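The values are calculated or read from the model by the stated rules, or taken from the named source; none is laboratory data. Remember, predicted model here, so these are calculated numbers, not experimental data. In this analysis, Cβ positions are derived from the backbone assuming ideal geometry, glycine residues included, and neighbour counts consider all displayed protein chains.
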Amino acid sequence: MTVTADLAMSLDGFVAGTDVSLDNPGGDGAEPLFEWIHNLASWRERQGLSGGEENRDSELMREWFDVTGAVVMGRMMYDTGEEFWGDNPPFRTPVFVLTHRPRRTLVKQGGTVFTFVTDGIHSALDQAKAAAGERNVDIAGGASTVRQYLAAGLIDELQLHVVPALLGEGVRLLGGLDTGRRTLEVVRVVDTPLATHLKYRFTR
Ligand SMILES: NC(=O)c1ccc[n+]([C@@H]2O[C@H](COP(=O)([O-])OP(=O)(O)OC[C@H]3O[C@@H](n4cnc5c(N)ncnc54)[C@H](OP(=O)(O)O)[C@@H]3O)[C@@H](O)[C@H]2O)c1
């Protein structure tokens, strides 16, 4: 069982733009973070769309779907994704949403079940591990949620899809984060014209 986090990041370290809100899910200026994803065959397949590029980027996306058995996310990521994901969200696994506001479990088509967890990051992770079986738990976002898991030393592998773009401002993932001087090793680097995919493992 590996706990992963997997995010798109600009070269200057941003994972969302400015003024993130329900009407502005990625935030202002965030488009370059996600452009590499839209035409991937594996991503389109999960949206119920045909076509798209079968390339290395698409393989990496498919790998994430294959190895992930449960997902943890923050309520902001859930709220900003809810409408876009629709009735058959791409996860097709249990998803545990961190929030301070209790809400009934939502069962969607295709195996995605959203459970709202109000008793903290450890509880959400324990529930996700129990649900994931042999597969990984991914801490999907947003920044505030992933930062809490990083600070608590609970993430084993971090994959960053660094896009060749400078956002200039927005939400940072890693700045000012106290990880207790954990050490990292490089697991894999995949470089494509769309993004540089960097995968690290925390060794301590
Ligand atoms: N670059 C990428 O790959 C990537 C990936 C995912 C998301 N994103 C972006 O990230 C942005 C959203 O991230 P965000 O950092 O603003 O928010 P977030 O982490 O998605 O959600 C924050 C909310 O989660 C709840 N929460 C977090 N920690 C909690 C805890 N310990 N206990 C209880 N509730 C907790 C709180 O909700 P309540 O207010 O309900 O209590 C909090 O307001 C979006 O713009 C999205 O596009 C980017």
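Things to note:
- Here Gly51 fulfils each of the conditions (1) part of a helix (DSSP H, G or I); (2) within 24 Å of His197 (Cβ to Cβ) apart from (1).
- Residues satisfying the stated conditions in segment 81-114, i.e. within 13 Å of the ligand (Cβ to nearest atom), more than 16 Å from the chain's Cα centre (by Cα) and surrounded by 13 or more Cβ atoms within 10 Å (Cβ to Cβ): Thr99, Arg103
To keep it simple, each residue is scored yes or no on (1) part of a strand (DSSP E or B); (2) closer than 28 Å to Leu125 by Cα; (3) modelled with pLDDT of 95 or more; (4) in contact with a Lys or Arg (Cβ under 6 Å, 6 or more places away or on another chain).
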residue	(1), (2), (3), (4)
Thr4	yes, yes, yes, no
Leu7	yes, yes, yes, no
Val15	yes, yes, yes, no
Ser42	no, yes, yes, yes
Met61	no, yes, yes, no
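- Ala140 being aliphatic (A, V, I, L, M) and away from the ligand (no atom under 14 Å from the Cβ): no
- Leading residue by the ranking (nearest to the chain's Cα centre (by Cα)) among those in segment 143-163 that are within 8 Å of the ligand (Cβ to nearest atom) and farther than 16 Å from Gly26 by Cβ: Arg147
- Breaking point among (1) more than 11 Å from the ligand (Cβ to nearest atom); (2) closer than 27 Å to Gly153 by Cβ; (3) within 18 Å of the chain's Cα centre (by Cα), for Arg62: (2)
- With respect to the conditions (1) modelled with pLDDT of 95 or more; (2) within 27 Å of Gly133 (Cβ to Cβ); (3) near the ligand (Cβ under 9 Å from one of its atoms); (4) out of contact with any helix residue (DSSP H, G or I) (no Cβ under 9 Å at 6 or more places or on another chain), Val67 falls short on a single one, namely (3).
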